[in-house]
Amino acid sequence: MAEKQEPKWYVIHTYSGYENKVMGDIAKTVKNRNIQDLICELHIPEEEYVEIRSDGSKKTGKRNKYPCYVFIKMVLTDDTWYLVRNTRGVTSFVGTDYSKPQPLTDEEVRSNGLEKQKVVTFDHKIGETVLINDGPFKSSTGTVKEVNINKKTVVVKISLFGRETPVELDFSQISSI
């Protein structure tokens, strides 16, 4: 059953300064047990910093963005939970439910740079007639009225009960006629 689950990102809390040790120990255990399909990735987000010293010189470098935390992409099973939880230096998983770790939301994954964003292209123009291919208005046609590139959404006006009604859709929900 575990093979069919999609791996998700979780956050592990560690002792201070143990982030790299925990990441190395888990990676070594994953390799030794050959469970790369269950525990896929480990990541410690870093940020660049500039420090201005008292003599006016600048020191640049990288540091942990979230000290004491390691991000892990895994399929949550009793075995993987036990393996991670009992790794030396791990104090707990981050989450609101103590009995089960909470995965990160898609927005948290994107904002921390854990997954590459898929490039979505939008080939439609305002005023173009399009076909809605997903959602409650599937198989309806409408006219593109607005495009929001940042949100990857489009407002399409469709005829509903004899009136033009604006509907906000994702780019992936429409196609050319």
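What is the spin-label model distance, in nm, from LYS151 to ASP123 if the labels are put 7 Å beyond Cα along the C-beta direction?
2.5 nm
Considering only Cα-Cα distances, which of the following residue pairs are longer than 19 Å: LYS8/LYS100; LYS62/LYS151; LYS21/LYS65; LYS73/LYS100; LYS125/LYS152; LYS28/LYS73?
In this structure, LYS62/LYS151 exceed 19 Å between Cα atoms.
Using Cα positions and a limit of under 18 Å, work out the aspartates and glutamates in reach of LYS157, with same-chain residues fewer than 8 apart set aside.
Result set, ordered by chain and number: ASP123, GLU128, ASP134, GLU146, GLU168, ASP170.
Can you tell which of ILE44, VAL75, GLY135 lies farthest toward the positive end of the dipole of the chain, using +1 and -1 charges on the Cβ of basic and acidic side chains (Lys, Arg; Asp, Glu)?
ILE44
List residues of segment 30-50, by number, whose backbone nitrogen lies under 13 Å from a label position 7 Å along Cα→C-beta of LYS62.
So the set is 43-49.
For log10 I(q)/I(0) by the Debye sum over Cα atoms at q = 0.08, 0.14, 0.15 Å⁻¹, which listed value, (i) -0.45, -0.84, -0.88; (ii) -0.22, -0.71, -0.83; (iii) -0.26, -0.81, -0.94, comes from the coordinates shown?
Read-out from the structure maps to (i).
For ARG163 and ARG88 in the same chain, what is the full-extension length gain: residue separation times 0.36 nm, less their Cα-Cα distance, in nm?
20.6 nm
Can you work out the FRET efficiency for the pair ASP170 and ASN112, with r the C-beta to C-beta distance and R0 = 22 Å, to the nearest 0.05?
Computed FRET efficiency for ASP170 and ASN112 comes out at 0.45.
In nm, to one decimal, how far is the GLU48 label point from the TYR69 one, both placed 7 Å along Cα→Cβ?
2.2 nm
Residue separation times 0.36 nm, minus the C-alpha to C-alpha distance between HIS13 and THR105: what's the value?
Length gained between HIS13 and THR105: 31.4 nm.
What FRET efficiency comes out for the pair ASP78/LYS21, r = Cβ-Cβ distance, R0 = 22 Å, nearest 0.05?
Computed FRET efficiency for ASP78 and LYS21 comes out at 0.35.
Positive end of the charge dipole of the chain (Lys, Arg +1 and Asp, Glu -1 on Cβ, about the Cα centre): tell me which of LEU160, VAL147, GLY95 has its Cα farthest that way.
Going by the charge dipole, the pick is GLY95.
None of the figures in this text is laboratory data; all of them are computed from the coordinates on show. Being a predicted model, the structure only gives us computed values, none of them experimental. Ideal geometry is used to build each Cβ from the backbone, glycine not excepted, and the neighbour counts take in all protein chains shown.
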